[in-house]
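Here is the structure we will look at, set down as structure tokens.
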Amino acid sequence: MPLSPSAPRRHIHTRRIECRGYLREDGLWDVDAWIEDTKTYPFESELRGTVEAGGQVHDMVARLTLDDRLLIHAAEAESRATPYRICPAAAAGFSQLAGLRIRPGWMREVGKVYGGREACTHLFELIRPMATVAFQTIYPWREREAQLAGRPAAGRFAGPPVDSCYAYASDREVVAKLRADQALGCSTAASRK
């Protein structure tokens, strides 16, 4: 359903977020993310003086390096444009995500190691879509590889947890079909032995 028509309005602010997932030659995965904020009017920055309309309020990049189990092997970030001189220092703490595993409740874990007064709000905001992109990058690719090799997939429920969203609700047809497909894959694999 499309959005309703808006009232007359004036564009003031734009936030762009882009995330990309990569398979590395060493078998690990990188998820790179970028966040940019711009304004439609000039503003003053402590760090950069007057920033013209369309100039960046924020320009930040981050990378998570993960394995197939969504264990983070490395994490890094850089703040390339910020409104205050002190802001770029918060990117160093992003590396503390190494050793965490993306799973249910992981944002609480993230908040304990990189949150609040020691974190950059904008880099922190990138973490949730980066996790989603990790799922979307790793599990479908591994499933595709298994299908092309004639092996049963590792199991779709290693991906998004049941009851994590509308489609994955335990009583909906998506989960019922995935469970049936998984059971069929297991019985087909067993019959091949």
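The values are calculated or read from the model by the stated rules, or taken from the named source; none is laboratory data. In this text, all values refer to a predicted model and were calculated from it rather than measured experimentally. Glycine gets a Cβ as well: all are built from the backbone with ideal geometry, and neighbour counts include every protein chain shown. Side chains included, ligands, DNA and RNA excluded: accessible areas come from the protein's heavy atoms. Shrake-Rupley method; radii C 1.70, N 1.55, O 1.52, S 1.80 Å.
Annotations
- Scan the stretch 93-124 for residues that are within 18 Å of ASP32 (Cβ to Cβ), without any contact (Cβ under 8 Å) to a residue 40 or more places away in the chain and either in a helix (DSSP H, G or I) or of a type in the set (Lys, Arg) (or both) and the total you get is 5.
Okay, residues lined up against (1) at pLDDT 90 or above; (2) in contact with a Leu (Cβ under 8 Å, 6 or more places away or on another chain):
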{"position": "PRO140", "(1), (2)": "yes, no"}
{"position": "ARG156", "(1), (2)": "no, yes"}
{"position": "ARG179", "(1), (2)": "no, no"}
{"position": "CYS186", "(1), (2)": "no, no"}
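- Pairs with Cβ under 7 Å, 6+ apart, first in the stretch 1-13 and assigned to a strand (DSSP E or B) and open to solvent by less than 100 Å² (accessible area, probe 1.4 Å), second at pLDDT 95 or above and not basic (Lys, Arg): HIS13/ASP37
- Evaluation of ILE102 against (1) surrounded by fewer than 20 Cβ atoms within 10 Å (Cβ to Cβ); (2) within 19 Å of ALA134 (Cβ to Cβ); (3) β-branched (Val, Ile, Thr); (4) out of contact with any strand residue (DSSP E or B) (no Cβ under 6 Å at 6 or more places or on another chain) (one fails), failing number: (1)
- When residues of the stretch 37-75 are limited to those that are of a type in the set (A, V, I, L, M), part of a loop (DSSP other than H, G, I, E, B) and within 23 Å of PHE124 (Cβ to Cβ), the one least open to solvent (accessible area, probe 1.4 Å): LEU70
- Test: residue in the stretch 105-128 that is surrounded by fewer than 19 Cβ atoms within 10 Å (Cβ to Cβ), farther than 16 Å from LEU64 by Cα and touching a Pro at 6+ places or on another chain (Cβ under 8 Å): no
- ASP171 vs. criteria assigned to a loop (DSSP other than H, G, I, E, B) and on the phi > 0 side of the Ramachandran plot: no
- Just one of (1) in contact with a Ser or Thr (Cβ under 9 Å, 6 or more places away or on another chain); (2) more than 18 Å from ALA74 (Cβ to Cβ) fails for ILE86. It is (1).
- Residues considered: ALA74, ALA146. Of these, the only one that is more than 22 Å from ARG15 (Cβ to Cβ), small (Gly, Ala, Ser) and touching a strand residue (DSSP E or B) at 6+ places or on another chain (Cβ under 6 Å) is ALA74.
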